[in-house]
Each structure stands twice: as C-alpha cells, then as structure tokens.
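Trainee: Please read through the structure below; I'll follow up with questions.
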Amino acid sequence: MNAMTNTVLLDNVSHKDLCVRTDQGVDPGHRVNQILVFPAEFADLQREYPILFRKEADGYKAIALLGLDRDENLFLDDDGWTSEYLPAVLARGPFLIGMQERQQDGQSVREPMIQVNLDDPRVDISGQEGEPVFLPKGGHAPYLERVAHMLGVIHNGLEQGPQMYAAFDAAGLFEPVAIEIQLDDETAYRLPDFHTISEEKLAALDAKTLKTLNASGFLGAAFLVAASLGNVTRLIARKNQKRARG
C-alpha cells in the first residue's frame, strides 16, 4: 500500500454515502500519451487506438497510444473523452484490487477485494458531488458495477497478459516498429522502441502453431493487435485537428 494514500477496503456501511466525480478536469492522470492495457479490452481498444508493445526486463507490456507529445491525450478535449472506450486503468478511477486472506474449509485463501483511495481528489465522502458508489439499500450502484468490471479486466490481465505475450514471442510474431510521422516541413515525430504483431508472420504461421494459439484463446487477440496499427492514421488526424484549433 502506498504510504501517501489512504487506501481502505470498500464496504457499503462505512462508505454508504461515497460518491466519485467522473469529470475529466478532476483527474490530470488522464493526460498521458500512452497507457497500459490488457487482453480483455483489445476488442474495444482496436476500434480506436493503436495497440503496441514495449519490451521490458520482465517481458512484453501492451500499451494504447493516446498522443504524440509528452502528456498529450488526443482523445480528451475540454468536455472530456471523445472516444467510445476508456481504457481500464483510467476507467477504474480511485479504486484498485487488494488481496485479502480469509479462512475457507480450514485453509487460508487469498481473494481479490475492491479498495478505494479516500485521499483521491475525485472522492467525495459526504455524498454531495459525483456518482454514487452504492444504492440506498447497499447494493452496487451502476458506476461501481462498471468499475468492478474494469478492475476484473486489470486483475485477470496481469495474469493472462504475460502468458499471451510469451506465446506470441514463442511463435515469432513480434517485430520492432518505429512510428514515424511527418506533419509538415518543420514538425515530425519518431516514436521508437515499440513492437507490434507482424501481419506477415501471422499469415505465415504453420497449422500446429495456429491450432495452439487458437486453443489458448490468443489467436484472435493477435489479429486485433495487428489491425489496430491502422489507427495511427486516425491519431494523426486528431493531432492535425488539434493543431488547426491552435
């Protein structure tokens, strides 16, 4: 637990009045040019964002590219998000998954539980501003249901992601890619150190590898990632629109 936060287990008695402000102006953490993403959201992400990979010491990590400059999110404007899908790491708000031990049949088991950071500026413990977390009789409000889903995407993705990416690597599907963009004579971008799924290598997979990836549920995700690279063009269009607005 971060010593700088007041992170506690969420419950419908202590936090019956808890509300969370969801307007984007409250959260400067959304103004980033890339964000960690997970396999369960690839289908939604690939409709709007380029999905890329960074190779780190402990393996590959998937990210969605949101902008070209530092701290630039081209999917945000003054009124909030302009995309249909909000990546899970951002959509979870001030909530996170914590592991709690409990006894089951005489055995100690760890299970994921929802925690909330009460020091987050979006949290209103008085219930005066924002979306309610709980219903009047204690059930999950629609907002908390959405958050719980996103936390599940993250929690499961932390386990499934490394397995999937290791399978992609073993199949030889990763290839380095440098995103090079020329907006005008004076403005150019080169984004190095990314990897993507090679469409050529994907198309050339042998029957055995195809069967293995498909049986693992990983094959569809590989196609989604490869297709998402076309969204770089949409990102450039958003950048040009921003430049035109000044």
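The values are calculated or read from the model by the stated rules, or taken from the named source; none is laboratory data. Bear in mind the structure is a predicted one, so any value in this text is a computation, not a measurement. Cβ placement follows ideal geometry from the backbone for every residue including glycine, while neighbour counts extend to all protein chains displayed. Quick note on the areas: whole protein, heavy atoms, side chains included, nothing else; ligands and nucleic acids left out. Shrake-Rupley method; radii C 1.70, N 1.55, O 1.52, S 1.80 Å.
Trainee: FRET efficiency for residue 77 and residue 184, Cβ-Cβ distance as r, R0 = 25 Å, nearest 0.05?
Mentor: Calculated transfer efficiency: 0.65.
Trainee: Follow-up question, since we're still on this one. For residue 124, tell me the accessible area in Å² from a 1.4 Å probe, rounded to the nearest 10.
Mentor: 20 Å²
Trainee: How far is it, in nm, from the label point at residue 128 to the one at residue 148 when both lie 7 Å from their Cα along the line to the Cβ?
Mentor: 3.0 nm
Trainee: What number comes out for the charge environment of residue 176, summing +1 per Lys or Arg and -1 per Asp or Glu over other residues with Cβ under 10 Å away? Before the final figure, lay out each step's value.
Mentor: Numbers: positive: 55; negative: 175, 193.
Once positives and negatives cancel, what remains is -1.
Trainee: If R0 is 22 Å, what FRET efficiency do you get for residue 233 and residue 31 from their C-beta distance, rounded to 0.05? Could the numbers behind the result be given before it?
Mentor: Working: r = 23 Å, r/R0 = 1.03.
E between residue 233 and residue 31, to the nearest 0.05, is 0.45.
Trainee: For the stretch 64-101, which GluC sites (Glu not before Pro) are both in a DSSP coil and crowded by at most 12 other Cβ atoms within 10 Å? Walk me through the numbers on the way to the answer.
Mentor: Numbers: sites: 72, 84, 101; in loops: 72, 84.
Here the GluC sites (Glu not before Pro) that fit, given the DSSP loop and packing criteria, are 84.
Trainee: Something else: In the stretch 34-69, which residues have a backbone nitrogen under 19 Å from the label point lying 7 Å from residue 241's Cα in the Cα-to-Cβ direction?
Mentor: 34, 45-51, 65-69
Trainee: Here is a further query. Work out which helices of the chain, taken as complete DSSP H runs, extend at least 30 Å along their axis over the Cα atoms and score a mean Kyte-Doolittle of -1.0 or more, then list them.
Mentor: On the way: long enough: 142-170 (41 Å, -0.03).
Span-like helices here: 142-170.
Trainee: Take every Cα-Cα pair in the stretch 143-188 and report what % of them are more than 16 Å apart. Could you put the intermediate results ahead of the total?
Mentor: Values: 674 of 1035 pairs.
Beyond 16 Å sits 65 percent of the P(r) for the stretch 143-188.
Trainee: Work from the charge dipole of the chain (Cβ charges, +1 for Lys and Arg, -1 for Asp and Glu, about the Cα centre) and give the residue of 191, 6, 37 farthest towards its positive end.
Mentor: The residue sitting most towards the positive pole is 37.
Trainee: To continue, here is another question. If you place +1 on the Cβ of every Lys and Arg and -1 on the Cβ of every Asp and Glu, how big does the dipole about the Cα centre of the stretch 93-246 come out, in debye to the nearest 20? Spell out each step's value before the answer.
Mentor: Details: 15 positive and 20 negative charges, 80 e Å.
Here the size comes out at about 380 debye.
Trainee: Right, another one. Would you rank 32, 153 by solvent-accessible area, highest first, keeping every protein chain in place and using a 1.4 Å probe? List each step's numbers first, then the result.
Mentor: Numbers: 32 40, 153 15 Å².
Output order, biggest surface exposure first: 32, 153.
Trainee: May I pose another question? All other residues with a Cβ under 11 Å from the Cβ of residue 146 taken together, and with Lys, Arg as +1 and Asp, Glu as -1, what is their net charge?
Mentor: With Lys, Arg at +1 and Asp, Glu at -1, the net is -1.
Trainee: Remind me, relative contact order of the chain in percent, using alpha carbon pairs under 8 angstrom and six or more residues apart? Write out the running numbers ahead of the final one.
Mentor: Numbers: 386 pairs, mean separation 67.7, N = 246.
Relative CO of the chain lands at 28 percent.
Trainee: Taking the simple approach of a point 7 Å from Cα along Cα-to-Cβ for both residue 135 and residue 12, what is their distance in nm?
Mentor: Taking the two extended label points, one gets 0.8 nm.
Trainee: At 1.4 Å probe size, with the rest of the protein present, what percent of the exposed accessible area of the chain is carbon and sulfur atoms? Please report the intermediate quantities before stating the final value.
Mentor: Values: 6680 of 13720 Å².
Here it works out to 49 percent.
Trainee: Using a 1.4 angstrom probe, figure out how much accessible area the chain has per residue, in square angstrom, rounded to the nearest whole.
Mentor: Normalised by residue count, the accessible surface of the chain is 56 Å².
Trainee: Same structure, new question: Quick one: net charge around residue 227, please, counting Lys, Arg +1 and Asp, Glu -1 for every other residue with C-beta under 11 Å from its C-beta. Don't jump to the answer; show the numbers that get you there.
Mentor: Working: positive: 47; negative: 199.
Cβ neighbours under 11 Å give a net charge of 0.
Trainee: Suppose R0 equals 25 Å. What FRET efficiency, 1/(1 + (r/R0)^6) with r the Cβ-Cβ distance, do residue 57 and residue 216 give to the nearest 0.05?
Mentor: Working: r = 24 Å, r/R0 = 0.97.
After rounding to 0.05, the efficiency reads 0.55.
Trainee: May I ask for the percentage of alpha-carbon pairs in the stretch 1-152 that lie more than 20 Å from each other? Display every interim value, and only then the final one.
Mentor: Numbers: 6521 of 11476 pairs.
Here the long-distance tail beyond 20 Å is 57 percent of all Cα pairs in the stretch 1-152.
Trainee: Still on this model: Give the whole-number value, in cubic angstrom per residue, of the convex hull volume spanned by the C-alpha atoms of the stretch 129-211.
Mentor: On the way: hull volume 16.3 nm³, N = 83.
Spelled out: Cα convex hull of the stretch 129-211, divided by residues, is 196 Å³.
Trainee: If you keep only loop residues by DSSP, which GluC sites (Glu not before Pro) in the stretch 152-246 have at most 13 other Cβ atoms within 10 Å of their Cβ?
Mentor: Values: sites: 159, 180, 186, 199, 200; in loops: 186.
Counting only loop positions with at most 13 other Cβ atoms within 10 Å, the GluC sites (Glu not before Pro) in the stretch 152-246 are 186.
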